[in-house]
Amino acid sequence: MFKILLVCSLAALVAANANVEVKELVNEVNPDGFVSRLALDNGVAASSTGDVHGNIDGVFEWVSPEGVHVRVAYKADENGYQPQSDLLPTPPPIPEAIVRAIAWIQANPSKN
């Protein structure tokens, strides 16, 4: 299912950029997994590999309208979709009072 979604997404990306030349397009499905790569001449690129267990590693990148190079690497496996990028939002730091409270709770577990 994910392979079909990936190929459709890549095809939609190419269609949305009708004036863009495809530099590389690879879609290989093998008995032990798959390899997919797309590179366009405008800097858009995507690649992924998958195995027979449904594990997928990939990366996609483009240049934003503001000129920022965006790159997202991801892994999809039994732990779900795990993207990594410097541009993804991150949670704020845990306040020191909460850190101390958690440490106290761990050091003094309930007797129940």
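Taken as Cα centroids, the stretch 90-112 and the stretch 25-49 sit 45 Å apart, rounded to the nearest whole angstrom. Surface composition of the stretch 31-112: carbon plus sulfur atoms hold 59% of the accessible area, using a 1.4 angstrom probe and ignoring ligands, DNA and RNA.
Between Ser110 and Gln82, what's the calculated FRET efficiency when r is the beta-carbon distance and R0 is 22 Å? Round to 0.05.
Details: r = 33 Å, r/R0 = 1.51.
The pair Ser110/Gln82 has a calculated efficiency of 0.10.
Here the gap between Asp32 and Arg71, fully extended at 0.36 nm per residue and compared with their Cα-Cα distance, gives a gain of 11.3 nm. The order of the peptides 48-59, 93-104, 24-35 by mean Cβ neighbours within 10 Å, most packed first, is 48-59, 24-35, 93-104.
The values are calculated or read from the model by the stated rules, or taken from the named source; none is laboratory data. Just so we're clear, the structure is a prediction, and the values are computed from it rather than from any experiment. Ideal geometry is used to build each Cβ from the backbone, glycine not excepted, and the neighbour counts take in all protein chains shown. With ligands, DNA and RNA removed, areas are computed over all heavy atoms of the protein, side chains included. Shrake-Rupley method; radii C 1.70, N 1.55, O 1.52, S 1.80 Å.
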